[in-house]
Amino acid sequence: MIAMKIGIVGLGLIGGSLGLEFVRQGHQVWGVSRQPDTCAEAISRQAVHFASTDLGSLAAVSLEMVFVCTPIPSVLPTISQLAVRLSPRATITDVASVKAPIVDAALQIWPDFIGGHPMAGTAEQGIQAAVLGLFQDRPYVITPTASTPTIAIERLQTLVTQLGSRLVLCQPAQHDQAVAWISHLPVMISASLIAACAQSADAETLRLAQQLASSGFRDTSRVGAGNPDLGVAMAQFNRDALLKTLSHYQNSLSDLIYMIEQERWAELQQRLLQTQQDRQHFMQS
Ligand code: NAP
């Protein structure tokens, strides 16, 4: 394996977890984060070899790959700041959960840019939440465009393979449509489930429900209890695709309400049979 010089900006759950893997693989890793305590923690956890709060610290190193792992609203501003500091041989990539609004603009700022999105996470955030193995066997989407340099694709493919992830290539807009269905919509549905339950049940019923809650509620409420800033950024940056999926979901929910109100049990049975089969098919493929 050829060791690379890698920069990571934003040492949180994703940036820290990437750092842990890359250090273990034998790469040299430089980190940048906002808070000195985070930098110190990243070094002591061996998620980076060097860390600083100053993006300028990356200028002195001839980095091959820089991962921008900040929250979504800071990704483009960070790439602009990197562009006036980095050595021109560096490829920049990001890990943001939306791609189209970032990829087009990033390519204008730094032509050697390739969008990426590791499809892995937990409900935790920050460097303390970083773990080894987070990306193992998980899809890692990369979104090269017609103008993406071959070297950028090769470098990112190499590193993604070393993470043990499953590489998936697609267009940025296709990615945003797909994650609206399987990630952003579930966050909103799960959040509205928790809100409906917490706001609508009377105190005594709520206490009883809490005692009775088991795996079904745990599974369906999990993604609605994640990082609120990330949820807002998903909605802001993937607004059109998310609204489209929410509208389909609203129609589907209205169908169910109608069937139950009208006591159309055979229709409801048919719908649930269909969703049972659809889920099996969806998960198998
Ligand atoms: P996170 O745990 O909150 O980590 C982000 C870290 O970036 C913060 O801890 C903060 O560290 C640092 N930071 C914030 N603004 C910065 C800036 N301007 N410059 C340098 N460092 C900055 O968030 P995350 O879950 O890792 O998410 C980061 C990115 O990963 C987002 O773009 C998100 O879309 C993407 N992503 C998240 C998940 C997920 O499930 N969480 C999955 C896939 C992709 P300090 O402590 O130094 O302030």
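The values are calculated or read from the model by the stated rules, or taken from the named source; none is laboratory data. As the structure is a computational prediction, the values presented were derived from the model and not from experiment. Using ideal geometry, Cβ is built from the backbone for each residue, glycine included, and neighbour counts are taken over all protein chains shown. To get the accessible areas, we keep the full protein, side chains included, count just its heavy atoms, and leave off ligands, DNA and RNA. Shrake-Rupley method; radii C 1.70, N 1.55, O 1.52, S 1.80 Å.
See the values below:
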read-out	value
Criterion (β-branched (Val, Ile, Thr), touching a residue at least 40 places away in the same chain (Cβ under 8 Å) and touching an Asp or Glu at 6+ places or on another chain (Cβ under 9 Å)) met by exactly one of 141, 98	98
Hits in region 34-46 - residues which are touching a helix residue (DSSP H, G or I) at 6+ places or on another chain (Cβ under 6 Å) and surrounded by fewer than 19 Cβ atoms within 10 Å (Cβ to Cβ)	46
Residue tally, condition open to solvent by less than 20 Å² (accessible area, probe 1.4 Å), of a type outside the set (Gly, Ala, Ser), more than 14 Å from the ligand (Cβ to nearest atom) and in a loop (DSSP other than H, G, I, E, B), over region 71-109	1
Filtered residues of region 1-52 (kept if assigned to a loop (DSSP other than H, G, I, E, B) and touching a His at 6+ places or on another chain (Cβ under 8 Å))	3, 4
Pair list, Cβ < 8 Å and 6+ apart or interchain, from region 202-216 residues that are on the phi > 0 side of the Ramachandran plot to residues that are exposed (fewer than 10 other Cβ atoms within 10 Å of the Cβ) and part of a helix (DSSP H, G or I)	none
Residue check, residue 267 outside any helix (DSSP H, G or I), over 26 Å from residue 124 (Cα atoms) and not β-branched (Val, Ile, Thr)	no
Every residue from region 53-68 that is in a strand (DSSP E or B) and β-branched (Val, Ile, Thr)	66, 68
Among residues of region 51-70, those that are within 14 Å of the ligand (Cβ to nearest atom) and open to solvent by less than 50 Å² (accessible area, probe 1.4 Å), counted	11
Candidates 114, 127, filtered to the one that is β-branched (Val, Ile, Thr), within 14 Å of the ligand (Cβ to nearest atom) and open to solvent by less than 40 Å² (accessible area, probe 1.4 Å)	127
Complete set of residues in region 13-33 that are surrounded by fewer than 24 Cβ atoms within 10 Å (Cβ to Cβ) and near the ligand (Cβ under 9 Å from one of its atoms)	none
Of the criteria (1) in a helix (DSSP H, G or I); (2) of a type outside the set (Phe, Trp, Tyr); (3) out of contact with any helix residue (DSSP H, G or I) (no Cβ under 6 Å at 6 or more places or on another chain), which one residue 187 fails	(3)
Residue check, residue 243 closer than 19 Å to residue 191 by Cβ and modelled with pLDDT of 95 or more	yes
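Here's the yes/no breakdown for (1) more than 13 Å from residue 98 (Cβ to Cβ); (2) open to solvent by less than 40 Å² (accessible area, probe 1.4 Å); (3) of a type in the set (D, E, K, R):
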position	(1), (2), (3)
154	yes, no, yes
165	yes, yes, no
189	yes, no, no
194	yes, no, no
206	yes, no, no
217	yes, no, no
241	no, yes, no
244	yes, no, yes
247	yes, no, no
